[in-house]
Amino acid sequence: MRGRIVKNISNDYTVESENNIYICKSRGKFRNLHITPLVGDYVTFDENNCYILEIEKRKNELVRPPISNIDQAYLITSVKNPDFSSNLLDKLLVIVEFHNIKPILCFTKIDLLNATEKKEMDLIIDYYKKIGYTVYYNTELEKIKTSFQNKTSVFTGQSGAGKSTLLNKIDASLNLKTDEISFALGRGKHTTRHVELIPLCSGYVADTPGFSAIQFSEMALSDIKDQFVEFNLYRHLCEYSDCMHLSEQNCEIKKKVEENIILKSRYENYVNFITKKERK
Ligand SMILES: Nc1nc2c(ncn2[C@@H]2O[C@H](COP(=O)(O)OP(=O)(O)O)[C@@H](O)[C@H]2O)c(=O)[nH]1
Ligand SMILES: [Mg+2]
Ligand SMILES: [Zn+2]
């Protein structure tokens, strides 16, 4: 039978198939091939003795959390308390783009901004829209619900950004704890977490503590460069075809930053990512 792994607890894999649930074991053959079944995998399994027989080729996979075949990542971005971090947002965008996952920017806590702050934030948000990103506010529940249909989504973002609050608003029966101490910070010892795909609004959402920037440290400099989508519009106009947009002469990207066509913080974050890696 064909199914999908939706949960893994100590290598007991819960496989969902045609609305039934089977608790399956992995086969030694995968260990020999250095393949570990992942939550999110589409598999062929033997429903009589509950063994996973084949794992289908993955569309993508993340290491932390260990999950595969993700369609979209909700980047839950608070604009205040915790303060907006363009550095974190751009970092998450690079990681998500690199894994061929569609990012959805979801801004929270707009209600905490005063009029001046709101104006500044609007300019930034408009820029991300302009370069092609899907942007929602956490108040746009109907749009968000619709976006889950037939998709596998992950939620990520800073602790306190409002991930659990939003998921509870979408489906109160989830009953997720809010204001929870972050697992990602390693303090949530009492909350043993496993990765699980939860059915939500005709799709699946990964119930995970958000993914780690570990992914980032494995990327090559040119890979980071390629994920700044708006740079790709102009890079062919740089004097050097391999221009890194740093100290090179006649760099079109730097020109576009000066002309305020490329958002300054985007460029600064890019330089920050590249130079931090170079120093390592
Ligand atoms: N003012 C305001 N508070 C929010 C909003 N969204 C979430 N919160 C609050 O922010 C705190 C952290 O939210 P939580 O969902 O636990 O964040 P998580 O760590 O990302 O899961 C809670 O006290 C929420 O009530 C929002 O849009 N506006
Ligand atoms: Mg939470
Ligand atoms: Zn350049």
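Annotations for the structure displayed:
- Matching residues, region 233-274, being free of Cβ contacts under 8 Å to residues at least 24 places away in the same chain, surrounded by fewer than 16 Cβ atoms within 10 Å (Cβ to Cβ) and within 17 Å of Asn87 (Cβ to Cβ): Lys264, Glu268
- For Val96, the conditions (1) more than 22 Å from Thr146 (Cβ to Cβ); (2) modelled with pLDDT under 95 all hold with the exception of (1).
- Elements of type helices (runs of 4 or more DSSP H) contained in region 175-280, each with 1 or more residues being in contact with a His (Cβ under 9 Å, 6 or more places away or on another chain) and modelled with pLDDT of 95 or more: 221-226, 252-258, 264-279
- Looking at Ile76, Ile52, just one residue is touching a helix residue (DSSP H, G or I) at 6+ places or on another chain (Cβ under 6 Å), under 26 Å from Tyr204 (Cα atoms) and crowded, with 18+ Cβ neighbours inside 10 Å, and that residue is Ile76.
- When the test is whether a residue is modelled with pLDDT under 95 and either of a type in the set (Phe, Trp, Tyr) or under 18 Å from Val154 (Cβ atoms) (or both), Lys91 passes it.
- Pairs, first at negative phi in region 147-164, second charged (D, E, K, R) and within 11 Å of ligand 2 (Cβ to nearest atom), C-beta under 7 Å, six or more apart: Phe155/Lys163; Ser164/Lys177; Ser164/Glu180
- When the residues of region 17-68 are filtered to those that are acidic (Asp, Glu) and in contact with a strand residue (DSSP E or B) (Cβ under 7 Å, 6 or more places away or on another chain), the one that is farthest from Arg2 (Cα to Cα) is Glu61.
- In region 1-57, residue modelled with the lowest pLDDT [restricted to those that are basic (Lys, Arg) and more than 16 Å from His194 (Cα to Cα)]: Arg31
- Unmet criterion (only one of (1) in contact with a strand residue (DSSP E or B) (Cβ under 9 Å, 6 or more places away or on another chain); (2) within 9 Å of ligand 1 (Cβ to nearest atom); (3) not aliphatic (A, V, I, L, M)) for Asn168: (1)
- Leading residue by the ranking (surrounded by the fewest Cβ atoms within 10 Å (Cβ to Cβ)) among those in region 108-156 that are in contact with a Cys (Cβ under 6 Å, 6 or more places away or on another chain) and of a type in the set (Phe, Trp, Tyr): Tyr136
The values are calculated or read from the model by the stated rules, or taken from the named source; none is laboratory data. These numbers were taken from a predicted model, which means no experiment stands behind them. Every residue, glycine among them, receives a Cβ derived from its backbone with ideal geometry; neighbour counts consider all protein chains shown.
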